[in-house]
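Please treat every number below as a calculation from the coordinates, not as lab data. For clarity, every value in this text was computed on a predicted model and none was experimentally measured. Every residue, glycine as well, gets a Cβ built from its backbone with ideal geometry; the counts of neighbours run over all protein chains shown.
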Amino acid sequence: MNRIEAEKKLSQLRDKLEEYGYHYYVLDNPIVSDADYDKMMQELVTIENEFPELITEDSPSVRVGGAPLPHFEKVEHEIPMLSLGNAFNEQDLRDFDRRVTEGVGEPVSYACELKIDGLAVSLKYEKGRFILGATRGDGTTGENITNNLKTVRSIPMRLKEEVDIEVRGEAFMPKQSFEKLNEAKREASEEPFANPRNAAAGSLRQLDPKIAAKRNLDIFLYSVAQIKEKVLPSHTEALAYMSKLGLKTNKEAKHCNNIDEVIEYVEGWLDRRPHLSYEIDGIVIKVDSLEAQKKLGFTAKSPRWAIAFKFPAEEVVTTLEGIELSV
Ligand SMILES: NC(=O)c1cc2c(=O)c3cc(F)ccc3oc2nc1N
């Protein structure tokens, strides 16, 4: 195969692998078999090895991870990544609603979403291409983990529109991957991870992307931090817009007209938790209107327009054989 043919073949393979990856990892609805996907990926890597000058930044082959880094660069967040205030019972939620209604001067509606128990990350896209991924860090300064995040199959290298946007979300390890990883660790008499959150953080904050690539990490995006030349009037519309761009959002999010509907949503999820394929540690409740959010603003460390209802920790009893039972 000559260079021209290689260039054409690579471009076809990249587009196909990106499309198949989107259906498989973002929509959870594969349109080709794993075997066909892997065969195509292998073909792409083989041609890239033969013509390294043809490798592009957004090639799907970055999914398998490049060379390890000597250390992580620091990243300054233009918009601070703050943390959420907590609510532990119904009264806390009603107090939150009262504070919000007083602050806005009229009743508001809410957007509720599952609080994924993972690692908060920021993703930056320029003209639709993924260019920077960072941890929250201390909220102002995080770590550049772009190479590791490129191995997360549900993070698209290219969006469906060529926009400049920064989004935030929670990277996590599905429960099944966590069990499998800990089994492998025990077999290799290595220290297992305590929980999926530590496993996700440990996988993304180590220097070799080839390790992250094998950890089957996933992500749900939950907010638009900044976007050029576009106004998104509500959080619900921001979630829909991210999904339209090809970003993975959590389908359990729900618009609630008032705090009573919020409480109903929260109660509904308390005992449905064990049936999810990923861990959640609560529910995040956000004022839906962006204008009302602006009016409420922030305290030094948290938004006044959002709160996290925390579930009691899932009691896990480890039996003598080391089998974990969720009670
Ligand atoms: N873990 C989560 O699933 C989750 C976390 C946050 C935040 O931490 C968060 C922090 C802010 F300052 C503002 C909004 C937020 O929205 C959030 N939404 C979520 N769904």
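Summary of values
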| item | result |
| --- | --- |
| Charge dipole (the stretch 144-287, unit charges on Cβ, about Cα centre) - positive-most of I145, F178, C256 | I145 |
| Between helix 90-104 and the chain: long-axis angle, C-alpha atoms, 0 to 90°, nearest 10 | 90 degrees |
| Cα-centre dipole for the chain with unit charges at Cβ (Lys and Arg positive, Asp and Glu negative), debye to 20 | 560 debye |
| Amide H contacts of S109 (H built 1.01 Å from N, under 5 Å, at least 5 apart or other chain) | D288, S289 |
| Cβ-based exposure ranking for M157, M1, in which fewest neighbours within 10 Å come first | M1, M157 |
| Selection of trypsin sites (Lys or Arg not before Pro), the stretch 121-168, meeting DSSP coil and at most 13 other Cβ within 10 Å | K127, K160 |
| Tail beyond 16 Å, pair distance distribution of the stretch 234-311 (Cα, percent) | 59 percent |
| Over the stretch 11-125: Rg over Rh, Cα atoms, Kirkwood Rh | 1.16 |
| Cα-based helix-to-principal-axis angle, 3-21 vs the chain, degrees rounded to 10 | 30 degrees |
| Ratio Rg/Rh [Cα only; Rh per Kirkwood] for the stretch 65-196 | 1.05 |
| Globularity index of the chain, i.e. its alpha-carbon radius of gyration over 2.2 N^0.38 Å | 1.06 |
| Normalised contact order of the stretch 178-285, rounded percent, pairs of Cα under 8 Å and 6 or more residues apart | 16 percent |
| Kirkwood hydrodynamic radius (C-alpha pairs) into Stokes-Einstein, the stretch 74-147, 20 °C and 1.002 mPa s, D in µm²/s | 142 µm²/s |
| Two-decimal Rg/Rh across the stretch 139-268, once Rg and the Kirkwood Rh are taken from alpha-carbon atoms | 1.03 |
| For the chain, calculated [θ]222 nm from helices alone, where every DSSP H run of n ≥ 4 adds -39500 (n - 2.57) | -10500 deg cm²/dmol |
| Gain in span if fully extended, D36 to E50, counting 0.36 nm per residue against the direct Cα distance | 2.9 nm |
| Using θ = phi - 60° and Karplus 6.51 cos²θ - 1.76 cosθ + 1.60, couplings along the stretch 22-34 (whole Hz; Gly, Pro as x) | 4, 5, 6, 9, 8, 8, 6, 9, x, 10, 9, 6, 4 |
| Length added when fully stretched, L27-D138, from 0.36 nm per residue minus Cα-Cα | 36.7 nm |
| Sequence-separation-based contact order of the stretch 104-149, relative, with Cα cut under 8 Å and 6+ spacing, percent | 23 percent |
| Normalised contact order of the chain, rounded percent, pairs of Cα under 8 Å and 6 or more residues apart | 23 percent |
| Net +/- balance of residues flanking Y24 in space, Cβ distance below 13 Å, scoring K and R +1, D and E -1 | -3 |
| At R0 = 51 Å, FRET efficiency that the Cβ-Cβ distance of K74 and D260 yields, to 0.05 | 0.70 |
| Separation in nanometres of the label points that stand 7 Å from Cα toward Cβ, at M1 and Q226 | 4.0 nm |
| Anisotropy class of the stretch 22-84 from Cα gyration tensor, a/c 1.5 cut | oblate |
| Spin-label proximity, R98 to the stretch 268-287 - amide N less than 11 Å from point 7 Å beyond Cα toward beta carbon | none |
| Between the stretch 280-312 and the stretch 40-58, the Cα center-to-center distance that results, in Å | 44 Å |
